[in-house]
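Working notes, structure below.
Rule-based calculations on the coordinates, nothing more; no lab input. Treat the numbers as computed from the prediction; the structure is a model and nothing was measured. With ideal geometry, Cβ positions are generated from the backbone for all residues, glycine too; neighbour counts draw on all protein chains shown.
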Amino acid sequence: MFRILRAFINIVVSIIELLLTFRLIFMFLVVNTDTPFVAWLYGVTAPLVAPFSKILPNWKFSDFVVDFATVAAIIVFGIAGSLLLMLFPCSRKVAVTYEVPPNG
């Protein structure tokens, strides 16, 4: 049972981190927000980044933008996922081998 739960947590956290990483890259490169995929991505990840966006401002230099709120969200969701995985122990099958003494 715990194996299924651990796999589910891993999948959910990985998808969240992947979406946030795409958001970070697209924000850095200042991608056109009128593109349907980018608009969908920003809409889906906005609630995940919202708690951090008021605390950590964007840093703009030249034509690029570093979104520290997204970086913080990636870190926090990664740590939260790891802590959740620690709650559910991983059952490991241990192979026990015995050495048979020689007859002599």
C-alpha long axis of helix 36-53 to longest principal axis of the chain, angle in °: 80 degrees
Cα axis of helix 68-87 to longest principal axis of the chain: angle in degrees, 0 to 90, nearest 10? 20 degrees
Whats the longest run of the chain with zero trypsin sites (Lys or Arg not before Pro) that are DSSP loop and have at most 10 other Cβ atoms within 10 Å? 1-53
Just the number: Rg to Rh for the stretch 2-87, Cα atoms, Kirkwood Rh, two decimals. 1.04
If you add up the charges near Val44, with Lys and Arg at +1 and Asp and Glu at -1, over every other residue whose beta carbon is less than 14 angstrom from its beta carbon, what do you get? 0
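Magnitude of the Cβ-charge dipole of the stretch 2-87, K/R +1 and D/E -1, about the Cα centre, nearest 20 debye? Don't skip to the end; give the middle numbers.
On the way: 5 positive and 4 negative charges, 61 e Å.
Using Cβ point charges on Lys, Arg, Asp and Glu, the stretch 2-87 gives about 300 debye.
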Residues Thr70, Thr33, Thr97, Thr21 in order from fewest to most other beta-carbon atoms within 10 Å are Thr97, Thr33, Thr21, Thr70
